[in-house]
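See below for the structure under consideration.
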Amino acid sequence: MTEFSNNTIDTLQLPQYQDAELNPIHPLYMKVVWANLGLTFGAIAVAAGALFYFVEELTQYWGYATIAYAVLLVVSMLVQLINYRNKGYAFREHDVIYRSGAISVTTTIIPYNRIQHVAEHEGVVSRWLGLSSIGVFTAGGTGSDIVIPGLEKVHAAAVKQLIADKIDKSTGDKQQGEDLYTRAVTAAEDDNVDNHAHEA
């Protein structure tokens, strides 16, 4: 009989995920960020211009609106730049690590055995630059999902294949475990039936 133990684990001695070296996002990804930011603020500028043109009562606030627009644009650019520099990812033997965020930095670690599927996505600008994004989806809901942007297409395809292979292996191991459990239960039930038969 195996002796039961429930020893305390020294959490300070556990491997730290911070020790993992994260890969940066491809530098070309910033062009995607600037393009999206330009489209957003361009649309805002057109809408604001049309509003001030057709509503004469708002003309006196033109200067304030311009200052607010400029400040918002600069702040948004700074946030996006910090967010880009904070982004990083790593594919380890048993899990995926992804870090992102500007004001609040979030590090997500997803074991391969929790991943349900993986998808590759290309936006218009990303496709033109030769970049792709990899989406990793788990059974835990959207709060557990990650999207790693700014990967070269060749790299993204290799990553997608890596994760798909890990999913297949995990599914196979799980199925094998379930089969072993089923066979063990069946054998136990057969033994029980035989014992009852002998007793009778």
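At 1.4 Å probe size, put SER5, SER76 in order of accessible surface, largest to smallest.
Working: SER5 80, SER76 25 Å².
In descending accessible area the options line up as SER5, SER76.
With a 1.4 Å probe and all protein chains kept in place, how do HIS117, HIS26 rank by accessible area, largest first?
Details: HIS117 90, HIS26 50 Å².
Result of the area sort, largest leading: HIS117, HIS26.
Quick one: work out Rg over Rh on the C-alpha atoms of region 66-126, Rh as Kirkwood radius.
Working: Rg = 16.2 Å, Rh = 14.2 Å.
Rounded to two decimals, Rg over Rh is 1.14.
How large is the accessible surface of ARG127 in square angstrom, using a 1.4 angstrom probe and rounding to the nearest 10?
Its heavy atoms expose roughly 120 Å² to the probe.
Please list TRP62, TRP34 in order of solvent-accessible area, largest first, computed with a 1.4 Å probe with all protein chains present.
TRP62, TRP34
Please list, or write none, the lysines whose alpha carbon is within less than 19 Å of the alpha carbon of LYS169, excluding same-chain residues fewer than 8 places away.
Result set, ordered by chain and number: LYS160.
How fast does region 25-176 diffuse by Stokes-Einstein, in µm²/s, taking the Kirkwood radius from C-alpha pairs at 20 °C and 1.002 mPa s? Spell out each step's value before the answer.
On the way: Rh = 18.0 Å.
My calculation gives 119 µm²/s for D.
What is the distance, in nm, between label points placed 7 Å from the Cα along the Cα-to-Cβ direction at ASN7 and at ALA68?
Result: 6.4 nm between the two label points.
Can you give the accessible area of PHE41, probe radius 1.4 Å, in Å² rounded to 10?
Spelled out: PHE41, probe radius 1.4 Å, area about 20 Å².
Between LEU39 and VAL55, what is the spin-label point distance in nm, taking each point 7 Å from the Cα along the Cα→C-beta axis?
2.7 nm
What accessible area, in Å² to the nearest ten, does a 1.4 Å probe give for HIS121?
Approximately 120 Å² for this residue.
For region 27-51 and region 71-144, compute the distance between their C-alpha centroids and round to whole Å.
Region 27-51 and region 71-144 have Cα centres separated by 21 Å.
The values are calculated or read from the model by the stated rules, or taken from the named source; none is laboratory data. Here the structure is a predicted model, which means the values were calculated and not measured. Quick reminder, even Gly has a Cβ in these numbers, built from the backbone with ideal geometry, and neighbours come from all protein chains shown. What goes into the accessible areas is simple: the full protein's heavy atoms, side chains included, and nothing from ligands, DNA or RNA. Shrake-Rupley method; radii C 1.70, N 1.55, O 1.52, S 1.80 Å.
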